[in-house]
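A quick write-up on the structure given underneath.
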Amino acid sequence: MQVLSTATDLDSVRAALLPVSDDNTEGIEARSRAIVTDVRLRGDVAVAEYTRKFDWDGAASDNLLVEADDIRKARAELDRELGKVFSKCEKNIRDFHNSERRHLQTWSQSVADGSSLGQIIRPVASAGIYTPGGKASYPSTVLMAVIPAIVAGVKRIILCSPPDKDGLIPTSVAAASADLNVNQVFRIGGAQAIAAMAYGTESIAKVDVIAGPGNSYVNAAKRIVSGDVGIDMLAGPSEVAIIADEGANPAFVAADVLAQTEHGPDNRGFVFSPSKSMIDSVRSEIVRQRETLKRSDILRHTDKNLILILTESLDEAANLSNFLAPEHLELQVREPLSLLPLIENAGAILLGDYTSAPIGDYYAGPSHTLPTAGAARFSSPLSVSTFLKKTSVLYFNQEAAVSCADDVARFAFSEGFDAHANAALIRKNTKL
């Protein structure tokens, strides 16, 4: 765990806030590209081979679909109380995104006599949702990615999730997909799942948009297929930043850092505070609390990615946070609404001592799939908009077209395109 001070070493602080690159990025990219190409050429056979290699020895090309009966069985086996929690979360997520959808409407406006402009907003026809697997299960990702697609109006939604060594996906993941009536669920993961959804195979029809977080190979595959299919973002290892003043509770701050870094050793946590006593207390609390947690081994490995920064002021903390552009930003300060206008870059901003990142991850409503590694400077969380496309609509009658023909032609000539100019002027010089 590093403790840095802007007063003594601002350059080191800024260097520590830069994204961490994977030393094996080129190797991951090359292997992912090979998998994507193979799946594109050989379809189900290739998908089954990679599934046997990486996940499940029993994989065969005809049994990668999770049967509807198994989905229903998983829902019936889900713990009753957990099922009630799923329902509450589903309502909150749906309510939030329904509100978002109401603000995204087809529109038109009259510009001048004889002309009008507008925009048609429609959902894509199909979406593929990727849910990570491995050492944990993520029914929350099913809810957080599928529900925005449903609210957008997507007609066909499929889900891919890596199986365990017995060929099973987690009961909770299957149950969440049952509640949302996902059209098909496939037990495949990694780059092969992304390629199958992007290009289609004998058993998997290709989709228009792929969404959902994953590991480095999933991200590399999403980068490769982007352009042939829409993607939500390249969501990397999780990260949290907390700005805490002297009145914050160090136990809360430490708990939230640990919560957001328990996914894996490459996750990152940052604390900014102008209070040295707060920095010292948070450091002690992190060490104390992590030894009480089941994933303490992972959290000890994460220690190298925990950075506590003593700042000169809350304003400086906000500026450094904007430079970092974190996935999650918590403002555990006395007056979070006063600090909020200073925050420009963050995937999600959580206000006050009691709005923990896990509330956002599971319960509140906005999707927990957020931009990471500084991408919050230019990109947005997964949302209804991820699954919508916009079409511009233009109408000019004869009078309006004639009135602007000379201007259009002059612009076209300036770029050297006389055919463009002709197409505008011919309407001025021709009578119907």
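Just a few scattered comments:
- Most fluctuating residue given options Glu49, Glu81, Glu29, as computed from a GNM of the chain linking Cα atoms under 10 Å: Glu81
- Restricting attention to the chain, close to 30% of DSSP beta bridges with both partner residues there are antiparallel.
- Taking only alpha carbon atoms, region 15-79 gives an Rg to Rh ratio of 1.20, where Rh is the Kirkwood radius.
- Exposure proxy order (Cβ contacts within 10 Å, fewest to most) of Leu159, Leu10, Leu143, Leu320: Leu10, Leu320, Leu143, Leu159
- Among Ala401, Ala198, Ala74, the residue with the largest mean-square fluctuation in a Gaussian network model of the chain, with springs joining Cα atoms closer than 10 Å, is Ala401.
- Given Lys222/Lys390; Lys91/Lys304; Lys206/Lys390; Lys222/Lys389; Lys165/Lys222; Lys84/Lys165, the pairs whose alpha carbons are separated by over 27 Å: Lys91/Lys304; Lys84/Lys165
- Paramagnetic reach from Leu41 in region 49-82 [backbone N under 20 Å; point 7 Å along Cα→Cβ]: 49-54, 61
- When Met1, Met144, Met233 are arranged by Cβ crowding within 10 Å, least crowded first, meaning fewest neighbours, the order is Met1, Met233, Met144.
- Within the shell defined by Cβ-Cβ distances under 12 Å, the residues around Ala196 carry a net charge of +1, with Lys and Arg each +1 and Asp and Glu each -1.
- Using alpha carbons only, the radius of gyration of the chain set against its Kirkwood radius gives Rg/Rh = 1.05.
- Fewest-first ordering of Thr292, Thr37, Thr51 by other beta carbons within 10 Å of each residue's beta carbon gives Thr292, Thr37, Thr51.
- For Lys73, the aspartates and glutamates whose Cα comes closer than 14 Å to its Cα, not counting residues fewer than 8 places off in the same chain, are Asp179.
Since every read-out is calculated from the coordinates, none of them should be taken as a lab result. Source: prediction; values computed, not measured. Every residue, glycine among them, receives a Cβ derived from its backbone with ideal geometry; neighbour counts consider all protein chains shown.
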